[in-house]
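Chemist: This is the structure I have questions about; it appears just below.
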Amino acid sequence: MISVFERKEDCCGCTACEHICPTKAVKMELDQEGFLYPIINQEMCIDCGCCRSVCAFQNGYDKSKYFEVPIAYGVKHRNDDVRIESRSGGMFTALSDKIISKGGVVFGVGYCNHFKVSHKKAINRNERDEFRGSKYVQSDLKDIFIEVENELINGKDVLFTGTPCQTAGLNRYLALKNIPVKNLLVCDLICHGTPSPKLFKDYIEYLEKKHNDRISSFEFRNKKLFGWKDHRESYIVKDKTFSSKVYTNLFYEHSALRPSCYNCKYTNMVRPSDITLADFWGVDEIIKDFNDNKGVSLVFLNTIKGERLFDEVKEDIIYKDCTGLSFKHSRLKEPVKKPKHREIFWIDYHNKGFKFITKKYGGYGIKQLIKKFIKGFLLKVGVIVVK
């Protein structure tokens with residue numbers, strides 16, 4: 001077999017093809033944009049077709065076990081300290097606490113090797129705490145599918161959290177290997193798109209060069225300093241906290257997203273998971289007097305299994321039913337649109353570097369800064385009124 005996919009837009013990088021291959025002929029390798037893609041060793045390939053059969057992104061996912069209309073809730077954890085440490089309402093903590101209390105394991109996204117965003121395993125709350133909070137980078141799944149498989153074979157309760165393409169990939173991988181999934185709870189996110197790990201790596205290096213020292217802590221959204229609604233990253237150098245929107249602006253500029261994000265198969269209400277979590281943007285329009293700017297989770301229960309776990313954690317949360325209502329999240333309706341200048345963005349990136357990108361695309365060029373200053377001044381003197 002020559003390749004698993006025909007175009008990069010057809011591969012989400014879930015690693016299922018790598019781990020299903022009986023001869024280990026498939027390996028994930030980085031491309032120039034910093035994304036992992038499966039490469040087939042032709043000498044080891046026996047042309048069995050397993051790598052293509054396991055691809056949920058290309059073959060679709062079985063929607064029969066999911067509710068046609070998910071049960072939806074607005075959720076806040078009863079413990080305000082938990083909510084402050086979370087990015088939305090603390091629902092992930094409630095779910096993972098329950099799994100850990102049963103002696104189970106939790107798979108989520110943390111850091112390794114100085115802020116490399118990766119999936120990891122936690123067997124206690126201290127290890128799990130690293131998974132709280134959004135990481136706006138595509139995570140490296142490594143051998144996590146195999147670890148999930150082994151835990152299930154050993155009879156452990158398992159909670160796996162990831163993007164919808166990752167959860168769909170895991171589900172199909174386990175199905176093709178006939179692994180019992182009775183003890184597995186899969187949780188996905190309403191995903192805006194996954195930026196390049198290379199972009200984030202270069203951003204960390206850019207900040208460390210700027211401060212001439214290493215960063216000791218990084219948060220993609222600091223709710224303690226800026227509240228729930230403000231998307232602003234923060235980082236610590238020599239015990240001093242700094243904030244920025246450089247990476248945030250590049251994220252929402254959309255040029256550094258994985259090509260498959262513009263071709264996402266999961267931007268709908270029939271989710272490839274038992275439970276879906278998100279920030280409950282627009283909550284004030286749906287649930288009155290529920291938002292205190294400390295964070296509210298939007299929770300979809302997509303299967304009977306997800307509904308049962310929700311029932312088990314009700315004592316830890318405050319919740320309001322909003323099933324069947326219309327939600328603000330555009331990624332429930334369609335994928336993010338590919339910028340017309342995406343190819344130019346990467347040509348500029350490779351030829352001129354990260355700092356140039358921040359100026360041209362991240363809103364930090366002289367022209368953009370002057371425009372921001374003028375707009376801020378006009379707002380201050382009342383010439384422009386924000387409605």
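FYI, it's all coordinate maths here, none of it is from the lab. Model, not experiment: these values are computed from the prediction. Cβ coordinates were reconstructed from backbone atoms using ideal geometry, including for glycine residues, and neighbour counts include every protein chain displayed.
Chemist: Can you tell me which of 341-347, 51-57 comes out highest on packing, and rank the rest after it, using the mean Cβ neighbours within 10 Å? Walk me through the numbers on the way to the answer.
Modeler: Values: 341-347: 14.3, 51-57: 21.0.
Most protected by this proxy first, the peptides run 51-57, 341-347.
Chemist: Where does the Debye-calculated log10 I(q)/I(0) of the range 221-284 sit at q = 0.18, 0.19, 0.28 Å⁻¹, using only Cα point scatterers of equal weight, no solvent?
Modeler: -0.96, -1.01, -1.16
Chemist: Please enumerate, by chain and number, the lysines with C-alpha under 20 Å from the C-alpha of Lys24, excluding those fewer than 8 residues away in the same chain.
Modeler: Lys142, Lys177
Chemist: Determine, for each peptide in 271-282, 209-220, the mean count of other beta carbons within 10 angstrom over its residues, then list the peptides with the highest first. Intermediate results must be reported in sequence, preceding the final value.
Modeler: Values: 271-282: 24.5, 209-220: 13.6.
Ranked from most to least packed, the peptides come out as 271-282, 209-220.
Chemist: Continuing with the same structure: What is the chain's relative contact order, in percent, from Cα pairs under 8 angstrom and six or more apart in sequence? If you can, show how the numbers build up before the last one.
Modeler: Numbers: 714 pairs, mean separation 82.7, N = 387.
In percent, rounded to a whole number, it is 21.
Chemist: Same structure again: What does the charge dipole of the chain about its Cα centre add up to, to the nearest 20 debye, if the Cβ of each Lys and Arg holds +1 and the Cβ of each Asp and Glu holds -1? The partial results should precede the final answer.
Modeler: Numbers: 64 positive and 49 negative charges, 316 e Å.
Value, rounded to 20: 1520 debye.
Chemist: Here is a further query. With +1 on each Lys and Arg Cβ and -1 on each Asp and Glu Cβ, how big is the dipole of the range 177-310 about its Cα centre, in debye rounded to the nearest 20? Please list the in-between numbers first.
Modeler: Values: 22 positive and 17 negative charges, 87 e Å.
Its charge dipole is roughly 420 debye.
Chemist: Only Cα pairs within less than 10 Å get springs; with that Gaussian network setup on the chain, which residue of Lys245, Lys288, Lys121 has the largest fluctuation?
Modeler: Lys288
Chemist: Ranked by Cβ crowding within 10 angstrom, fewest neighbours first, how are Met28, Met44 ordered? Before the final figure, lay out each step's value.
Modeler: Values: Met28 18, Met44 13.
By the 10 Å Cβ count, ascending: Met44, Met28.
Chemist: In what order do Glu334, Glu205 fall by count of nearby beta-carbon atoms within 10 Å, going from fewest to most? Please report the intermediate quantities before stating the final value.
Modeler: Values: Glu334 10, Glu205 13.
Ordered by Cβ neighbours within 10 Å, fewest first: Glu334, Glu205.
Chemist: In whole angstrom, note down how far apart the Cα centers of the range 19-37 and the range 40-78 are.
Modeler: Going from one Cα centre to the other spans 17 Å.
Chemist: Let me ask something else about it. Any chance you could run the full-extension gain for Glu315 through Glu29? It's 0.36 nm times the residue separation minus the Cα-Cα distance, nm to one decimal.
Modeler: 98.5 nm
Chemist: Kindly flag which residue pairs out of Lys76/Lys328; Lys223/Lys352; Lys116/Lys333; Lys76/Lys338; Lys102/Lys305 have an alpha-carbon separation exceeding 27 Å in this structure.
Modeler: Violating the 27 Å Cα-Cα cut-off are Lys223/Lys352; Lys116/Lys333; Lys76/Lys338.
Chemist: On the Cα set of the chain, report Rg and Dmax in Å, please.
Modeler: Considering the chain through its Cα atoms, Rg and Dmax are 21.3, 71 Å.
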